[in-house]
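In what follows, a single structure is set out as structure tokens and then discussed.
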Amino acid sequence: MVGGANLDIEGRVPGSLLLADSNLGTVIRSPGGVGRNIAENLTRLDTPTRLITALGRDDNGTWLHDLTAKSGVDLTDSVWSESTPTATYLSVIDGSGEMAVAVNDMAVMDSLDVAALQARSSTLENAAAIVADCNLSSECIGQITRTQTDSPLFVDPVSVAKAGRVTPHLASVHTLKPNRAEAALLSGIEISDKRSLKAAANALLDAGVRNVVISLAADGVFFANAETSGILTVPPQNVASVTGAGDALMAGLVHAHVANFDLEDAVRFALAAAVLSAASATPVARGFSAESIQQIINDKIIIKEQTP
């Protein structure tokens, strides 16, 4: 796993968010970051995971490193910055569990540059799968594609602001997991319905991506490759926080690939992982495990819809 790790500070409001005013609520500090969360989720799925990230040489960096290492993630190859503080992600969650707004300070990721990745090329070359998030620069993603040899590359675009960093490298991506807005940006196709959703996925497949998995938030997940496509949905569930659900989805996809699932079964497993995560107030659900995910699948709440 190559990507971001940060201190998450989450403000939670029990009802509707009142803008331009002080809201009563709770503030929680937790370890976070797309790359870090994916790595911990994979470790909880008994998939040995090494995280290459950047941390500031400060109290937050030490705290984040130690908690992540305690979860079982190997941080041997991570980079320490002496001059830039550890990344921080500040978010506000409303009473529905949805994120209202967020601010991220990820400047420390500049320390994880091409030279740092070159120095860690043996780790990348020997990985069963490489997962990268777009907290990395486009140049770093390019370096990974030059190093990956036979390892499949999974990419999480992270946000619309950062998604374009993977555009020059789409032909090297095994599995791309954007949300609707990121998929529209990367494909150049505005997504307004199921037909345009499939058209956007086809554009990404034509660009060389092998598997496209588009998160549709409460509407489920769309998936496509050269052989199949579809939408998997779940009925309304208890949502404590959507923070980390996308990271759980990606971890489920990677774990299922390593376990040789076909794409539809991999997405079903991954969607169940996201459901489990969304029911938790923390970015990584405390009860996150293959057994808990399988129980959600066994409950048969995941329904397949056909695409046009």
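Taking the condition of being β-branched (Val, Ile, Thr) and closer than 22 Å to Ala279 by Cβ, how many residues in the stretch 215-230 meet it?
First, pick out the residues of the stretch 215-230 that are β-branched (Val, Ile, Thr): 221, 228.
So of that shortlist, the ones also closer than 22 Å to Ala279 by Cβ come out as 221.
So the answer is 1.
Going residue by residue through the stretch 252-269, is there one that turns out to be part of a loop (DSSP other than H, G, I, E, B) and at pLDDT below 95?
no
Touching a Leu at 6+ places or on another chain (Cβ under 6 Å), surrounded by fewer than 24 Cβ atoms within 10 Å (Cβ to Cβ), part of a loop (DSSP other than H, G, I, E, B) and among the aliphatic types (A, V, I, L, M) - does that describe any residue in the stretch 210-220?
no
Only one of these is over 28 Å from Pro283 (Cβ atoms), among the basic types (Lys, Arg) and in a helix (DSSP H, G or I): Arg195, Arg165. Name it.
Working: Arg165 fails: over 28 Å from Pro283 (Cβ atoms).
Residue meeting the stated conditions: Arg195.
Collect the residues in the stretch 146-162 that are crowded, with 16+ Cβ neighbours inside 10 Å and either of a type in the set (S, T, N, Q) or part of a loop (DSSP other than H, G, I, E, B) (or both), keeping them in residue-number order.
Correct list: Thr147, Gln148, Ser151, Pro152, Pro157, Val158, Ser159.
Among the residues of the stretch 126-159, what is the count of those that are out of contact with any strand residue (DSSP E or B) (no Cβ under 7 Å at 6 or more places or on another chain), aliphatic (A, V, I, L, M) and modelled with pLDDT of 95 or more?
Result for the stretch 126-159: 0.
Which one of the conditions (1) part of a loop (DSSP other than H, G, I, E, B); (2) farther than 19 Å from Val267 by Cβ; (3) under 18 Å from the mean Cα position of the chain (by Cα) does Glu190 fail to meet, given that it meets all the rest?
Every listed condition holds for Glu190 apart from (3).
Could you run through the stretch 253-271 and say how many residues are touching a residue at least 60 places away in the same chain (Cβ under 8 Å) and either within 15 Å of Gln294 (Cβ to Cβ) or under 15 Å from the mean Cα position of the chain (by Cα) (or both)?
Let us first name the residues in the stretch 253-271 that are touching a residue at least 60 places away in the same chain (Cβ under 8 Å), namely 253-255, 257-258.
When the remaining residues are screened for being either within 15 Å of Gln294 (Cβ to Cβ) or under 15 Å from the mean Cα position of the chain (by Cα) (or both), the result is 253-255.
Of the residues in the stretch 253-271, 3 are touching a residue at least 60 places away in the same chain (Cβ under 8 Å) and either within 15 Å of Gln294 (Cβ to Cβ) or under 15 Å from the mean Cα position of the chain (by Cα) (or both).
Taking Trp80 as meeting all but one of (1) in a strand (DSSP E or B); (2) under 25 Å from Thr282 (Cα atoms), write down the number of the exception.
Answer for Trp80: the failing condition is (2).
The values are calculated or read from the model by the stated rules, or taken from the named source; none is laboratory data. Here the structure is a predicted model, which is why all the values come from computation and not from measurement. Please note: Cβ atoms are built from the backbone with ideal geometry, for glycine as well, and neighbour counts cover all protein chains shown.
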